[in-house]
1. For chain A, modelled as a Gaussian network with Cα springs under 10 Å, which listed residue fluctuates most, A:V62, A:V14, A:V23?
2. With runs of 4+ DSSP H residues as the only contributors, calculate the mean residue ellipticity of chain A at 222 nm using -39,500 (n - 2.57) per run, divided by the residue total and rounded to the nearest 500.
3. According to a simple spin-label model (label point 7 Å from Cα along Cα-to-Cβ), what is the distance in nm between B:K218 and B:D235?
4. For B:N139 and B:H65 in the same chain, what is the full-extension length gain: residue separation times 0.36 nm, less their Cα-Cα distance, in nm?
5. With Cβ to Cβ distances under 15 Å as the rule, what net charge do the other residues near B:N123 carry (K, R +1; D, E -1)?
6. Below 12 angstrom from the Cβ of B:D134, what's the summed charge of the other residues (Lys, Arg +1; Asp, Glu -1)?
7. Count the DSSP beta bridges whose two residues both fall in the range A:3-76, then state the antiparallel fraction as a percent rounded to the nearest 5.
8. For the range B:81-283, what log10 I(q)/I(0) values come out of the Debye formula at q = 0.10, 0.13, 0.15, 0.17 1/Å, with one point per alpha carbon and no solvent?
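Here, each number is a calculation from the coordinates, and none is a lab measurement. Worth saying up front: this structure is predicted, and the values here are computed from it rather than measured. As a convention, Cβ positions derive from the backbone with ideal geometry for all residues, glycine included, and neighbour counts pool all protein chains shown.
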Amino acid sequence: MHELGLTKNIVAIVTEHAKGRQVKRICLSVGPQACVESRALEFCFGIVAEGTVVENATLEIVSAEGDTFLIKEFETEEAA
Amino acid sequence: MCGTCGCSDTENAVTITDPETGETQIVRPGSILDETQSAAPHDHHAHDGDHDHHHHEGDDKPHVHGPGGEIISLETAVLQKNDQIALQNRGWFEGRGVLALNLVSSPGAGKTTLLEATISAINDELDIAVIEGDQMTANDANRIREAGAKALQINTGAGCHLEADMISSAVKTLNPAAGSILFIENVGNLVCPAMFDLGEHMKVAIISTTEGEDKPLKYPHMFRASDLVIVNKMDLAPHVDFDEEACLANIKAVNPDAKVLLLSAKSNQGMDQWLAFLKSEVNAPRVRAVR
């Protein structure tokens, strides 16, 4: 229901840490009690990422315990 | 953050309305894509040409250089910003000795009616302030004011829940007194508010006898996140075939530690236990471990 807002957070946090570099992969860890629907996240990601450095990134979701909801890591495109 | 759920209409701005003055301030504009997309890429790579060892300006995150780019380890909570503001709110409440309770339920469970009954019962003894959260209208804040307490209305637009920054803005205007109770009536929704810490002392979930006994099983996150569950509209229980035993068992199944109170805000039945709970909580020392 609120995955769009969560996706905005994810894109904002990764964009900040990417410091202008293009991002090719974002890895999230999501627990079963996190109240997060992975498919909804993926759907929203396509919309929110447009026009940002994460535009071409793939979203990888790994399962975690409890209510974990973290951006685990992200990978940038080849460094300049 | 999630102030909105699907469109970029300006009608979806988050606003705070003071029912006394009728003044409305915008807390967040309505557009969904402004924050992230305005964060334009910028050139930061200050590689030092004189030696191979390079550093990234202001880069404090552990990272590994792969064959292509870099893998940067973040381990950052997606709701980090909300949680930080919630912590500030919690400190503010604890410092002032304000008991902040986050009331969550489905729409129509009787949150506002419970507050009206509570205010008329103990407004002489205790200072009460209320933050009302709804998508639209200031109806609830007006009802609370008429009942005799200070109230402020937050309208979330399309938003499905309150977030910590909205509470932070609202308490600055509402300014609840030291030693008072601040009720935060969340948007009627048994899903999303469970996820967002507002800095409250505890969440209080309210279900009503007309909703069916299986609500805790259908929406376990909310009942797991609440320390107290109120079963409201007990006066209607005989008319709607409410199975009290099943309801209590269902609450226990998802949250064995939750305290449960059965009452009717309308008939006053069981209200004394709720009022006693509030009086003991407001006087109890409140330093709570962060979850």
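1. Most flexible of the set in this elastic network: A:V62.
2. About -11000 deg cm²/dmol.
3. Reported label-point gap for B:D235 and B:K218 is 2.5 nm.
4. 21.0 nm
5. Around B:N123, the charge tally is -1.
6. -1
7. If I count the DSSP bridges inside the range A:3-76, around 55 percent turn out antiparallel.
8. Ignoring solvent entirely, the Cα scatterers give -0.38, -0.65, -0.89, -1.16.
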